[in-house]
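Input: a single structure, listed below in structure tokens.
No lab work stands behind these numbers, since they all come straight from the coordinates. This one's a predicted model, so the numbers in the text were calculated from it and none came from an experiment. In this analysis, Cβ positions are derived from the backbone assuming ideal geometry, glycine residues included, and neighbour counts consider all displayed protein chains.
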Amino acid sequence: MPAWFIGAPLILLQACAYLAVDRPTVIHRTDSPYGHIFVTEDDRGVRSLYFDEGTSRQGAVIPGRFTNLVIPYTRVATVGLVVAPHPERVLFVGLGVGAMPMYTQALFPNAQIDVVEIDSVVVDVAQAFFGFAPDERMRVHVADGRAFIEGAERASYDLIVLDAYSDEGIPYHLTTREFLTSVRSLLTPSGVVVSNLWESSTLYDSMVATFADVFDELILLRVERRVERILVAPAERRSLERATLIDATIRLTERVDFGFDLARLIERGYQQPMLSGVPVLRDGETNQ
């Protein structure tokens, strides 16, 4: 009997075992004014949030383990805590499952965190299925992100995280020069904005150009094996060189346990933006 035939049953069993792992089960479906929402759970206990039967996860956690960031871009986005290593007030625009706000609270329990989410059903699902737990130090505001920012106190946040974009939908009014000018006005002088961008979007180049038009300094960090980029822009010009960020990350990890090698992610993903003369996005225009 050929050797390959003898080994075939073992190979088949291994293949079946592989296919059986991480096949998610839908554990909840619901509708909101903004679309269909469903929650899945895989064999590892990872719960994920999807919108409108899309293929892009809007968030994922292992409930109760908020110091374990599951989705790669969320780990890279913690670079904002390196640029603003003593955050007193933090703003997240877009909740998802609450992974990044809960992670930030776990690392910086004295920080005051505001989360703005336009969809109240997303807030309910995050609490019911993902363990998101707002309290007196983490407040949730059900509102449009732009309206909240335009009504907030100037120079009041050390870190703003824009996480309202996805590969399946980008709210245009959250991309324009006018919006980003309002975002910058909310930052303290030492503050920084971090944004999750999708290189696959037709708006990507113009979004980067618009940030560059509003902010004096910015960099990009590539998310490995993903089309996402994390953009970092401080309120005031400062050194965002690769070596400077890595040194600052190493110093911060002496007192904060990120749970992963952020310095390595910065080293491997660091990019300077390539600005190619694309148009800046503005209110009232039809760049969509």
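Listed values, structure above:
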| item | result |
| --- | --- |
| Only Lys, Arg (+1) and Asp, Glu (-1) charged, at Cβ; the stretch 18-108 dipole about Cα centre in debye | 240 |
| Potential lengthening between residue 264 and residue 217 on full extension [0.36 nm per residue; Cα-Cα distance subtracted] | 14.7 nm |
| Gaussian network model of the chain, Cα within-10 Å springs - most flexible of 137, 222, 23 | 23 |
| Label-to-label distance, nm, for residues given as residue 124 and residue 155 (7 Å Cα→Cβ offset) | 4.2 |
| Proportion of all alpha-carbon pairs of the stretch 114-194 beyond 19 Å (%) | 41 |
| Using a Förster distance of 45 Å, the FRET efficiency for residue 244-residue 147 (Cβ separation, nearest 0.05) | 0.80 |
| Backbone HN-Hα couplings from phi across the stretch 183-189 [Karplus 6.51/-1.76/1.60, Hz, Gly and Pro as x] | 4, 4, 5, 7, 7, 5, x |
| Residues with amide H under 5 Å from that of residue 188, placed H, sequence gap 5 or more | 156, 157, 158 |
| Fewest-first sequence of 56, 239 by Cβ atoms within 10 Å of each Cβ | 239, 56 |
| Residue of 138, 274, 100 that the Gaussian network model of the chain assigns the largest fluctuation, springs spanning Cα pairs under 10 Å | 274 |
| Most mobile of 196, 110, 68 in a GNM of the chain (Cα contacts under 10 Å) | 110 |
| Between helix 120-129 and the chain: long-axis angle, C-alpha atoms, 0 to 90°, nearest 10 | 40 |
| Alpha carbon convex hull of the stretch 151-288, projected area averaged over orientations, nm² | 8.9 |
| Nearest 10 degrees, 0 to 90: helix 204-214 Cα axis against the chain principal axis | 30 |
| Cα gyration tensor of the stretch 66-271 - equivalent ellipsoid semi-axes, whole Å, descending | 22, 21, 17 |
| For the stretch 66-271, share of DSSP beta bridges that run antiparallel, in % to the nearest 5 | 45 |
| Low-density loop cleavage sites - GluC sites (Glu not before Pro) in the stretch 29-128, where at most 16 other Cβ are within 10 Å (DSSP) | 53, 88 |
